[in-house]
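Structure record follows, encoded as structure tokens.
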Amino acid sequence: MKKVVLITGAATGLGRATVLQLAKEPYNIAVVDFNEVEGQKTVEMAKELGAEAIFIKADVSNEDDVKNYVAQTIEAFGKIDVFFNNAGLMVPFRLIHEYDVNEYDRIMNVNVKGAFFGVKYVIPHMLENGGGTIVNTVSSNSYKPTAYNGVYSMTKHAVNALTKSIGQDYQDKNIFAVGVAPNNMLTNISANAAVTMNEEIGKAIYVTTPPNIAATPEEVTAAMLFAMNNSKMLNGSTINCAGGQIYN
Ligand SMILES: NC(=O)c1ccc[n+]([C@@H]2O[C@H](COP(=O)([O-])OP(=O)(O)OC[C@H]3O[C@@H](n4cnc5c(N)ncnc54)[C@H](O)[C@@H]3O)[C@@H](O)[C@H]2O)c1
């Protein structure tokens, strides 16, 4: 029986690249995103590569949407073997005291509550199914914040903690979690953050970002698949796709 993979934030960027890598293998893939147009395109591209794939529209910060994407995946494919908890966003670059509560709530709701909801509603099925693997997309900002990106960094520290906690809670239940931490990955996620960019912010980000090598999302999929295939050994830890930024 084919393994079933559920992946959020798969309309673009790392999520889509991961789907297209998985599509070359015998997986059934549920693609979740709130961007319906690009999400459907990801599914079409996966099908062209021979995969069985479905699109489920969901806002990961909405609890009913999360219950629905889990239920629809089970209905279509019968189980969930691997959950890529990948959806995320950034908010405009600011100093911490400059963020208003709406921006704080928005990013916390998507990056932290969304990741929690995913795990909360996927794990009961993994328990019924005898186990499973969870791969959380975290960030180099889970280790060290870049300037003017403090609230995003808070969210990614939280998802790193979620990964570690799953690693503690389910060791005897055959459910394992691994984090993958891209560093400077070439996607459009920062377009929304860059609306406040100016010379001062640019300089501060530059001096707080050690020299690093940018990666394409396609390159980072190697870490996503390694995490998926080695989750027992890596349980509770994060693969740091450092690109030269070394944290110990
Ligand atoms: N690009 C980088 O440099 C970088 C670095 C470290 C970590 N990351 C993380 O990688 C993950 C993927 O981001 P990406 O860089 O591929 O960017 P991206 O913007 O291409 O992908 C993010 C996806 O998440 C979806 N999404 C956002 N909010 C959502 C919501 N509420 N409900 C459903 N879907 C939602 C978007 O529509 C998009 O398809 C994110 O968790 C991000 O924080 C990115």
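The values are calculated or read from the model by the stated rules, or taken from the named source; none is laboratory data. Everything numeric here is computed off the predicted structure, so don't read it as measured data. Counting neighbours? That spans all protein chains shown, and the Cβs are built from the backbone with ideal geometry, glycine included. Remember, those area values only see protein heavy atoms, side chains included, never the ligands or the DNA or RNA. Shrake-Rupley method; radii C 1.70, N 1.55, O 1.52, S 1.80 Å.
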**Message:** With a 1.4 Å probe and all protein chains kept in place, how much accessible area does Lys173 have, in Å² rounded to the nearest 10?
**Reply:** 90 Å²
**Asked** lysines within cross-link reach of Lys24: Cα-Cα under 21 Å, excluding same-chain residues under 8 positions apart?
**Response** Lys2, Lys3, Lys41, Lys47, Lys79
**Prompt:** In percent, how large is the relative contact order of the range 3-240, given Cα pairs closer than 8 Å and 6 or more residues apart?
**Reply:** 20 percent
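Where in the range 144-248 are there chymotrypsin sites (Phe, Trp or Tyr not before Pro) that are in a DSSP coil and have at most 13 other Cβ atoms within 10 angstrom of their Cβ? Can you show the working numbers first?
On the way: sites: Tyr148, Tyr152, Tyr170, Phe176, Tyr206, Phe226, Tyr247; in loops: Tyr148, Tyr170, Tyr247.
Filter output for the range 144-248: Tyr247.
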**Sparse-neighbourhood loop sites, trypsin sites (Lys or Arg not before Pro) in the range 20-60 - DSSP loop, at most 16 other Cβ within 10 angstrom** = Lys24
**Complete:** Per residue, accessible area of the chain with a 1.4 Å probe, heavy atoms of protein chains only, in Å², comes to 46 Å²
**Request:** Compute the acute angle (0 to 90°) between the alpha-carbon long axis of helix 114-129 and the principal axis of greatest extent of the alpha-carbon atoms of the chain; round to the nearest 10°.
**Result:** 20 degrees
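Given a cut-off of under 8 Å on Cα pairs at least six residues apart, what relative contact order in percent is computed for the range 29-167?
It comes to 23 percent, rounded to a whole number.
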**Request:** Once you have all Cα-Cα distances for the range 3-240, histogram them in 5 Å bins from zero and send the whole-percent values.
**Result:** 1, 7, 15, 19, 21, 17, 11, 6, 3, 1, 0
**Fill in**
Between Thr209 and His97, the two model label points (7 Å from Cα along the beta-carbon direction) sit apart by a distance in nm of 2.6 nm
**Asked** Leaving out ligands, DNA and RNA, what percent of the accessible area of the chain is carbon and sulfur, probe 1.4 Å?
**Response** 53 percent
**Prompt:** In degrees from 0 to 90, rounded to the nearest 10, what is the angle of the helix 36-48 Cα long axis to the longest principal axis of the chain?
**Reply:** 50 degrees
**Request:** Please work out the Cα center distance from the range 188-237 to the range 144-176, rounded to the nearest Å.
**Result:** 15 Å
**Asked** Accessible surface of Leu89 in the full protein assembly, 1.4 angstrom probe, to the nearest 10 Å²?
**Response** 30 Å²
**Asked** Quick one: helix 63-77 against the long Cα principal axis of the chain, what's the angle to the nearest 10°, folded into 0 to 90?
**Response** 40 degrees
